[in-house]
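Asks: Have a look at this one.
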């Protein structure tokens, strides 16, 4: 099986992201799975970069609601 076919199967079989409900590819997996410790807001501490914090006073540059 070729590398292209393997990559396509990997992308098709991947479920939607639990935090943002968007589909993601293997090259974007870090944004959806690797935790970011911002240490600013207790609600988004340890969440991946795709997570959007709904806390009114969140000042975290990565997670704050835009």
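Asks: What nm value, rounded to one decimal, do you get for the distance between residue 18 and residue 52 when each label is placed 7 Å out toward the C-beta?
Replies: Each label point lies 7 Å from its Cα, and together they span 2.0 nm.
Asks: Want the number for residue 39 to residue 27: 0.36 nm per residue separation, take away the alpha-carbon distance, what's left?
Replies: Stretched fully, the residue 39-residue 27 segment lengthens by 1.7 nm.
A short reminder: the numbers here are calculations on the coordinates, not readings from a lab. All values derive from a computational prediction rather than experimental measurement. When we count neighbours, we look across all protein chains shown, and the Cβ atoms used for this are built from the backbone with ideal geometry, even at glycine.
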